[in-house]
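Working notes, structure below.
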Amino acid sequence: MTLTREPDRPALTVVCHVRAPLLLEPVDEQIETIQACETEGAIDDLLLRSWPKEIALSEESPHQEVLESYERFSAWADERGVTIRPPFRKRTTTSQVTGETRERLVTPLLCLELYAGDELLGVFPHSDEATTDTYTTDEAIATLRTGGLPTPLGSVTDSDERLESGTADTCPDCGGSLIDGQGLFACGDCGWIGTVSESGRRESQPTRPTREGEPSIVEPQ
């Protein structure tokens, strides 16, 4: 079965990180399914990357590419309000010879990162700490197989609410504090006046001359 893609839809790329060699049958099945997604046209490109079971968290580690991937995944998770720990976890080891203590990163058996063009859409698996829900690689692959696009936890609505709460009190021009005058926001530092939309977008309002004796910003009611 070959799926029909929308012509203006950005190219979908899946980067699959997996421990090698593949010894467990469940992982083999996931690899086969994600390869079928590429064959059937559900995704445009599939890149397979192998990584070790664990690596040292240091600048001397020979696996800097894995560390860079982990930092990229962590940054995405922080922006989304989710976590990738687990499946990633850290542990400390102590050398019996030197007594030196080192921190090591344990990688998951399989991890996916999904891109639309150059935009990182999601890292799977990941979890929502508030709800304890986890979006697994199996679920992401199953969605791709049907022609769908996996929607990470920390939904768009939740993200918009976080964006609104985080931007409603900050001036877009100077970064100063805004005063809420019943839905009309004003900056006491630079005089910016505007509103905040439901999506958290700050929209400027046309300015008008300030009359003599009239305050230049909106005072809270």
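One residue stands out in segment 54-107 among those that are farther than 29 Å from THR132 by Cα and charged (D, E, K, R): the one that is modelled with the lowest pLDDT, namely GLU100.
Only residues that are in contact (Cβ under 8 Å) with a residue 24 or more places away in the chain, open to solvent by 70 Å² or more (accessible area, probe 1.4 Å) and not aliphatic (A, V, I, L, M) were counted across segment 46-78, and they come to 4.
Look at (1) over 22 Å from THR13 (Cα atoms); (2) open to solvent by less than 20 Å² (accessible area, probe 1.4 Å) and you find that ILE43 fails only one, number (1). Remark: pairs (first residue in segment 143-162, within 13 Å of ASP78 (Cα to Cα) and charged (D, E, K, R); second residue open to solvent by less than 40 Å² (accessible area, probe 1.4 Å) and modelled with pLDDT under 50; Cβ separation under 9 Å; 6+ apart in sequence or on different chains) = ARG162/GLY200. Scanning segment 137-152 for residues that are in a loop (DSSP other than H, G, I, E, B), open to solvent by 40 Å² or more (accessible area, probe 1.4 Å) and either at pLDDT 95 or above or not hydroxyl-bearing (Ser, Thr, Tyr) (or both) yields a count of 1. In the set (1) buried (at least 16 other Cβ atoms within 10 Å of the Cβ); (2) modelled with pLDDT under 95, the condition left unmet by PRO125 is number (2). Restricting attention to segment 88-106, the residues being surrounded by fewer than 10 Cβ atoms within 10 Å (Cβ to Cβ) and closer than 23 Å to VAL123 by Cα number 0.
Taking the conditions exactly as written (closer than 20 Å to ALA42 by Cβ, without any contact (Cβ under 8 Å) to a residue 60 or more places away in the chain and surrounded by fewer than 17 Cβ atoms within 10 Å (Cβ to Cβ)), does ASP133 satisfy them or not? So ASP133 does not fit the description; no.
Here LEU110 fulfils each of the conditions (1) at pLDDT below 85; (2) in contact with a helix residue (DSSP H, G or I) (Cβ under 6 Å, 6 or more places away or on another chain) apart from (1).
Can you find a residue in segment 82-91 that is touching a residue at least 40 places away in the same chain (Cβ under 8 Å) and over 23 Å from PRO150 (Cα atoms)? Outline the logic, then answer.
Filtering segment 82-91 for residues touching a residue at least 40 places away in the same chain (Cβ under 8 Å) gives 82-84, 86.
In the following step, the residues that additionally are over 23 Å from PRO150 (Cα atoms) were identified as none.
No; the residues of segment 82-91 include none that is touching a residue at least 40 places away in the same chain (Cβ under 8 Å) and over 23 Å from PRO150 (Cα atoms).
Considering the conditions (1) part of a helix (DSSP H, G or I); (2) open to solvent by 60 Å² or more (accessible area, probe 1.4 Å), ARG85 is excluded by exactly one of them, (1).
The values are calculated or read from the model by the stated rules, or taken from the named source; none is laboratory data. These figures come from a predicted structure and were not determined experimentally. Methodologically, a virtual Cβ is constructed for each residue, glycine included, from the backbone with ideal geometry; neighbour enumeration extends over all protein chains shown. Side chains included, ligands, DNA and RNA excluded: accessible areas come from the protein's heavy atoms. Shrake-Rupley method; radii C 1.70, N 1.55, O 1.52, S 1.80 Å.
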